Amino acid sequence: MKNKKSSIFILTVALFLSVITPITYSAQSDDLKNITGGWSERDGYFGGGISVTSMSTASHTGSVESKEVATGVLMSRAVGNTSWDTVYHYTRARFEGYVTGSVTGDSGRVWGWNTTEAKSDWIDTFLTDYVGKTYYGNQ
């Protein structure tokens with residue numbers, strides 16, 4: 001009887017994940033179309049861009065800032081900075097679940113010429129799978 005309950009539980013979890021995971025990743029992939037590059041707290045820098053029209057190279061940095069808001073309560077935010085001379089571009093900062101794919105604290109795309117900075121909302125990442133990520137692009 002115990003093995004049957006374990007099997008039912010495992011099948012239920014597997015079914016749930018098979019339904020939720022494609023929805024999460026589909027929404028995430030639509031949200032991240034047309035990125036040029038960025039930074040991940042877990043994996044480091046990726047991509048890189050050159051504007052064909054101006055032949056300038058983008059420079060991007062990402063980081064996670066932390067602050068203690070109460071004894072033992074640490075809040076974090078992702079920060080992205082992009083410099084891209086003569087190119088209208090965006091920078092975006094947010095937290096993404098490494099396992100779940102969920103997104104929180106999203107700054108949205110911050111558009112501008114030459115330099116842009118994006119800061120996510122402050123969030124409590126304690127006991128979560130959230131990873132700070134920043135992105136940039138010009139489309």
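The values are calculated or read from the model by the stated rules, or taken from the named source; none is laboratory data. No experiment lies behind these values; they were computed from the predicted model shown. Heads up, the Cβs are rebuilt from the backbone with ideal geometry, glycines too, and the neighbour counts pull from every protein chain shown. When the accessible area is computed, the model is the full protein with side chains, heavy atoms only, and any ligands, DNA or RNA have been set aside. Shrake-Rupley method; radii C 1.70, N 1.55, O 1.52, S 1.80 Å.
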Exception for T116 within (1) open to solvent by 20 Å² or more (accessible area, probe 1.4 Å); (2) in contact (Cβ under 8 Å) with a residue 12 or more places away in the chain falls at (1)
If you scan the stretch 33-58, which residues turn out to be crowded, with 18+ Cβ neighbours inside 10 Å and at pLDDT 95 or above?
G38, W39, E41
Being more than 15 Å from I35 (Cα to Cα) and either touching a helix residue (DSSP H, G or I) at 6+ places or on another chain (Cβ under 7 Å) or not polar (S, T, N, Q) (or both) is true for just one of A78, A93, A58, A118. Which residue is that?
A78
Picking from Y90, Y98, the residue that is surrounded by 13 or more Cβ atoms within 10 Å (Cβ to Cβ), at pLDDT 95 or above and not polar (S, T, N, Q) would be Y90
